[in-house]
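Since the structure comes first, as structure tokens, the remarks are kept for the end.
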């Protein structure tokens, strides 16, 4: 084994099979306790190294979504259960189906390696299979914070322009199940203000009942 400078990829590519085996054995034996602090397990790969999961949707912006380690093939598969935060690694009771997002181990845009809502994670580490024990951490969050008020923006001409009427709404009126039904035919922008400080706008074209 030489000591001349070389890139890590070139260095490991040039190791003989025997040298590779001895390196692995040295790490596994760790007779001087040099690697214990860096030791980890498979479950740790299912934890984000940065970012966090929103408690509610919609959530305050900007939000840094959970990011995962690059260098692996990821499959994020649709899953079904009621998990406001991802299920613990040991929980395999949820159901899951097909892949909705695949990330290659060669991906260089690390911001893409995040956990979409309503999916579980499968990392391609032998014996990984989408239909196997490596599919973990179902994240299926349908929680929304209470709507505490809002407004109705009425486009008086029936088109998008500045001729509008804005009618504030309290929590009782905007949460009325017949709120939309009670509107007159027309073009509206419904603004809902949530308890967590976010808001959501929905444009509707109300036709004749």
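The values are calculated or read from the model by the stated rules, or taken from the named source; none is laboratory data. Just so it is clear, the structure is predicted and the values come from calculations on it, not from any experiment. Cβ: placed from backbone, ideal geometry, glycine included. Neighbour counts: every protein chain shown.
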**OP:** Go through region 84-103 and give me each residue that's loosely packed, with under 13 Cβ neighbours inside 10 Å and closer than 18 Å to residue 124 by Cβ.
**Re:** 98
Subject >> Condition broken by residue 178, with the remaining ones in (1) outside the structural domain of residue 85 (by TED's automatic domain parsing); (2) surrounded by 12 or more Cβ atoms within 10 Å (Cβ to Cβ); (3) at pLDDT below 95 satisfied >> reply: (2)
Original post:
Just wondering, is there one or more residues in region 68-86 that are touching a strand residue (DSSP E or B) at 6+ places or on another chain (Cβ under 8 Å), free of Cβ contacts under 8 Å to residues at least 40 places away in the same chain, part of a loop (DSSP other than H, G, I, E, B) and on the phi < 0 side of the Ramachandran plot?
Top reply: no
Original post:
With respect to residue 170, is the statement that it is in the same structural domain as residue 80 (by TED's automatic domain parsing) and exposed (fewer than 11 other Cβ atoms within 10 Å of the Cβ) true?
Top reply: no
